[in-house]
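The values are calculated or read from the model by the stated rules, or taken from the named source; none is laboratory data. All figures in this text were calculated on a predicted structure; none of them were measured in a lab. Neighbour counts run over all protein chains shown; Cβ positions are idealised from the backbone, glycine included. Heavy atoms of the whole protein, side chains included, go into the accessibility calculation; ligands, DNA and RNA do not. Shrake-Rupley method; radii C 1.70, N 1.55, O 1.52, S 1.80 Å.
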Amino acid sequence: MRYLGIEPQRPRLAVFDFTCCEGCELQLANKEDTLGPFLAAIEVVNFREISSEKREDYEIALIEGAVSRADETDRLRRIRKQAKIVVAFGSCACYGGVNRMKNAYSLDAANREVYGDKPKETDLVRPVKEIIKVDLEIPGCPVNKEEVERIVQHLVMGVPYNFPVYPVCVECKMRGTVCRYEYNEICLGVVTRAGCNAPCPSAGFWCFGCRGYVDDPNVQAAREVMEHYGKTMDDLKSRLLLFGSGQEKTS
Ligand code: SF4
Ligand code: SF4
Ligand code: SF4
């Protein structure tokens, strides 16, 4: 698309999926109202879910999914060699995601449970940053479309993007949602990174912590909330395992 006779620079973007459900890619493909402007800002050269084009001259690589097979590590290293910017896209890529629950069991037991007598090659689940250097992580299961758009705008303009440094509770309070603890539930919004605009509590669910820990979580405040509502920190920690974002910060 030309503007005033000039072809604007559009970064070439590729999207690759690894061990995951591809729900984050779907969020991107399913951008509805804003898909047109989004595609005007970038050039998609490799994105299996929406296009048969498979060019290797990409500058930005969005990596969706965790790593759980040897061939995936080789593929990741090839992508790293080509891309100027590698983005871990979604909580599977950032933390291992729900796949990482497998690491709590023996690989054989997990394989048998899922595939019965037809086992598949499988290894411990690892986030992308354990294999290659990652320039940016976009958390969420799935990622938040509006946030992805803002981040892509920043990448296109070459301006750093700053993630919120406060927990989901802040956005939840700004929406005026009644706290899930008032319903005797355990909500992870107290220690989870904001940026999603707290859709789960506002829809009547507790926050599942899909965006991982906020930087420097206020553990003491979380402890006080737990005590106030007759819960324990172990209750909170047990739920944090779901998306593989680690548990060391609340110990
Ligand atoms: S982060 Fe969630 S939605 Fe995205 S690929 Fe992983 S499991 Fe699917
Ligand atoms: S604990 Fe959950 S429901 Fe309560 S304010 Fe925080 S995010 Fe909202
Ligand atoms: S409220 Fe919690 S579970 Fe829901 S999208 Fe936000 S971080 Fe994820």
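Structure notes:
- One residue from 170, 165, 159 being of a type in the set (Val, Ile, Thr) and either in contact (Cβ under 8 Å) with a residue 60 or more places away in the chain or more than 19 Å from residue 220 (Cβ to Cβ) (or both): 159
- The numbered conditions (1) more than 16 Å from ligand 1 (Cβ to nearest atom); (2) under 23 Å from residue 130 (Cβ atoms) are all true for residue 62 except (1).
- Any hit, segment 166-185, residues being of a type outside the set (S, T, N, Q), assigned to a loop (DSSP other than H, G, I, E, B) and either open to solvent by less than 20 Å² (accessible area, probe 1.4 Å) or away from ligand 2 (no atom under 14 Å from the Cβ) (or both): no
- Residue within segment 66-84 that is buried (at least 24 other Cβ atoms within 10 Å of the Cβ) and part of a strand (DSSP E or B) present: yes
- On inspection, residue 124 qualifies as more than 16 Å from ligand 2 (Cβ to nearest atom), open to solvent by 30 Å² or more (accessible area, probe 1.4 Å) and in a loop (DSSP other than H, G, I, E, B).
- Residue list for segment 37-53, restricted to those being open to solvent by 50 Å² or more (accessible area, probe 1.4 Å) and not in a loop (DSSP other than H, G, I, E, B): 37, 39, 43
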